[in-house]
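Shown next, in structure tokens, is the structure this report addresses.
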Amino acid sequence: MDGSKAGDWRLPNVKELQSLIDFAYYNPALSSASGKSRWVSGDAFIGVQPFYYRSSTAHSNNMTDAWVVNMLNGNVSYDDKINIYYVWPVRKEQKRRTKN
């Protein structure tokens, strides 16, 4: 519905997911788009769940683990990649067309 196609989206790395966290808030640990109040559904994002979201970042000591970010409280940890978590896809960087 947004005009995207296969390959337009990716999993964010752990730093990108962490950048969404605002520790001033809980359940979820997100601020509004303005950054001045608590996030509510539909303000910048919809359907955010207060649970762990998987990142694309593997744990450096064990490549079978990946970092996850808990949107409930902002906690960051890691777990086995075979476990199921929410995902928050981000759009791949778009290459700009240059005018000749």
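Each value in this text was obtained by applying a stated rule to the coordinates, not by laboratory testing. Just so you know, these numbers come straight off a predicted model, no measurement behind them. With ideal geometry, Cβ positions are generated from the backbone for all residues, glycine too; neighbour counts draw on all protein chains shown.
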Quick check: is even one residue across region 54-64 touching a residue at least 24 places away in the same chain (Cβ under 8 Å), charged (D, E, K, R) and crowded, with 16+ Cβ neighbours inside 10 Å?
yes
Among the residues of region 65-89, the number that are assigned to a strand (DSSP E or B) and surrounded by fewer than 11 Cβ atoms within 10 Å (Cβ to Cβ) is 1
Glu16: passes all of (1) of a type in the set (Asp, Glu); (2) outside any helix (DSSP H, G or I); (3) surrounded by 11 or more Cβ atoms within 10 Å (Cβ to Cβ) but (2)
Among residues belonging to region 21-43 that are of a type in the set (A, V, I, L, M, F, W, C) and over 28 Å from Lys81 (Cα atoms), point out the one that is surrounded by the most Cβ atoms within 10 Å (Cβ to Cβ).
Trp39
Verdict on Val48 being in a strand (DSSP E or B), surrounded by 12 or more Cβ atoms within 10 Å (Cβ to Cβ) and either of a type in the set (A, V, I, L, M) or at positive phi (or both):
no
